[in-house]
Amino acid sequence: MLLQRALASLTGKDPYVLQLAPTAIQGPSRREEARFVLRLGASQLLHPDSWWLFNHVGIARAMGIIPRPIRRPYAVLLCGIEVWDPALSADRKATLRNAHARIAISELTACRVRDAHCDVGSVVACPLALLPEYSGTVAADRALLEQIRKSSVLIVGRMSARERYKGHDQLLESWPRVLRVVPGAQLVVAGKGDDLERLRAKAGALGIGGDVLFPGFVSEETLAALRERVSVFAMPSSGEGFGLVYLDAMRAALPCIGGSRDAGAEVIVDGETGICVDPSDTEALSSAVSLLLTTPELREAYGAAGRRRFDAVFTFERYCERLLPILRNAFT
């Protein structure tokens, strides 16, 4: 949606959007992939003056199937861990190498791709942003909001057994120490995924089940209300390519806790808009959480600084200003 809105703003007309939308949660079927490739090829044949922007290297691999005589120029968004893996598959590397522009969503992602795949060509960073705030019509979950305590910390993210780098485990492991400093401190874990039940069981085994709330999937309206209700946002990730959830928190003037080893440290200014910690150091993590929960003036200062940083760097307008010269350089 960010790319679609940005392209409309930059070109003055709505871009053509072609989606590979699988019907099964496991991913697209062979038939769905084949239909997508056929539609992509037909669109490029009918519009020989077009250029294409893919939001993921996986889907951009379809360009390798399009015959060269009709294949149009394209760019690929580089989103993080799936492109800086040294064991990147040959077809994905070829997709990157043949692109007219490789646009990383953060400086860290750009650096890691360059280090891992120096032969794919230049990589330019264009940090992400948020769309203007959406005023929805769905009412927030009042029953959930009534369960939020005064000293509460929110983490939002998918809980996947294949992607255990967002910091859920580390927050749970740090919570007994937090409770010794801040009795009754609450951890709110919003989101869903195939790892949810394991994490719920882990909270029980740690003896903190009564202080950890797992609401599952929540609407955007409820998330916005949660950010107004909680005291701190925390996602001590170790493999984030950017972290849009930090921007959501900063726009809501929430102080953030993030990891010091990934792009979270690029979004959060340590000691100014929040605290960055080594995700593997649960003692440091618990100290950071406890400090913010027990120091309201620090929370307020970090939250206000985060909102100022968001307004200066991460609005939709700033994103368009970053993206335009990159696309002009690639396609004109």
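The values are calculated or read from the model by the stated rules, or taken from the named source; none is laboratory data. Since the model is a prediction, treat every value here as computed from it, not as a measurement. All Cβ positions, even for glycine, are placed from backbone atoms using ideal geometry, and neighbour counts span all protein chains on display.
Things worth noting here:
- Matching residues, the stretch 269-294, being under 14 Å from Val153 (Cβ atoms) and either surrounded by fewer than 19 Cβ atoms within 10 Å (Cβ to Cβ) or not assigned by TED's automatic domain parsing to the domain that holds Tyr246 (or both): Ser287, Leu291, Thr294
- Scope the stretch 291-332; condition farther than 14 Å from Ala249 by Cβ and not in a helix (DSSP H, G or I); matching residues: Thr295, Thr315, Thr332
- Within the stretch 65-98, being within 22 Å of the chain's Cα centre (by Cα) and not β-branched (Val, Ile, Thr) holds for Ala75, Leu77, Leu78, Cys79, Gly80, Glu82, Trp84, Asp85, Pro86, Leu88, Arg92, Leu96.
- Residue match in the stretch 77-91 (condition: surrounded by fewer than 16 Cβ atoms within 10 Å (Cβ to Cβ) and in contact (Cβ under 8 Å) with a residue 40 or more places away in the chain): yes
Residues are listed down the side, and each one gets a yes or a no for (1) within 16 Å of the chain's Cα centre (by Cα); (2) modelled with pLDDT of 95 or more; (3) closer than 14 Å to Glu300 by Cβ:
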residue	(1), (2), (3)
Arg229	no, yes, no
Val232	no, yes, yes
Pro236	yes, yes, no
Glu240	yes, no, no
Arg251	yes, yes, no
Pro255	no, yes, yes
Gly258	yes, yes, no
Ala265	yes, yes, no
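One line per residue, one yes/no per condition, for (1) crowded, with 17+ Cβ neighbours inside 10 Å; (2) assigned to a loop (DSSP other than H, G, I, E, B); (3) at pLDDT below 95; (4) not small (Gly, Ala, Ser):
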| position | (1), (2), (3), (4) |
| --- | --- |
| Ala75 | yes, no, no, no |
| Lys93 | no, no, no, yes |
| Leu96 | yes, no, no, yes |
| Arg102 | yes, no, no, yes |
| Thr109 | yes, no, no, yes |
| Gly121 | no, yes, no, no |
| Ala129 | yes, yes, no, no |
| Pro132 | no, yes, yes, yes |
| Ala140 | yes, yes, yes, no |
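- Residues of the stretch 273-286 that turn out to be free of Cβ contacts under 8 Å to residues at least 40 places away in the same chain and over 21 Å from the mean Cα position of the chain (by Cα), as a count: 2
- Selection from the stretch 77-91 of residues that are outside any loop (DSSP other than H, G, I, E, B) and over 17 Å from Pro325 (Cβ atoms): Leu78, Ile81, Glu82, Val83, Trp84, Ala90, Asp91
- Taking the criterion of being more than 17 Å from Gly58 (Cα to Cα) and without any contact (Cβ under 8 Å) to a residue 60 or more places away in the chain, the residues of the stretch 8-23 that qualify are Ala8, Thr11, Gly12, Lys13, Asp14, Pro15, Tyr16, Thr23.
- Of everything listed in (1) at pLDDT below 95; (2) in contact with a Cys (Cβ under 7 Å, 6 or more places away or on another chain), the single unmet condition for Ser280 is (2).
- Residue check for Leu324: aliphatic (A, V, I, L, M) and not assigned by TED's automatic domain parsing to the domain that holds Trp175: yes
- Selection within the stretch 142-160 - in contact (Cβ under 8 Å) with a residue 60 or more places away in the chain, outside any loop (DSSP other than H, G, I, E, B) and surrounded by fewer than 18 Cβ atoms within 10 Å (Cβ to Cβ): Leu145
- Residue pairs whose Cβ atoms lie under 9 Å apart, separated by 6 or more positions or on different chains, with the first residue in the stretch 172-191 and closer than 16 Å to Thr294 by Cβ and the second modelled with pLDDT of 95 or more and of a type in the set (Phe, Trp, Tyr), are Ala185/Trp175; Leu187/Trp175.
- Any chance Ile59 is within 21 Å of Leu327 (Cα to Cα) and surrounded by 13 or more Cβ atoms within 10 Å (Cβ to Cβ): yes
- The listed residue being in contact (Cβ under 8 Å) with a residue 60 or more places away in the chain and surrounded by fewer than 19 Cβ atoms within 10 Å (Cβ to Cβ), out of Glu300, Glu266, Glu220: Glu220
- Single residue of Gly259, Gly241 found to be touching a Cys at 6+ places or on another chain (Cβ under 6 Å) and in contact (Cβ under 8 Å) with a residue 40 or more places away in the chain: Gly241
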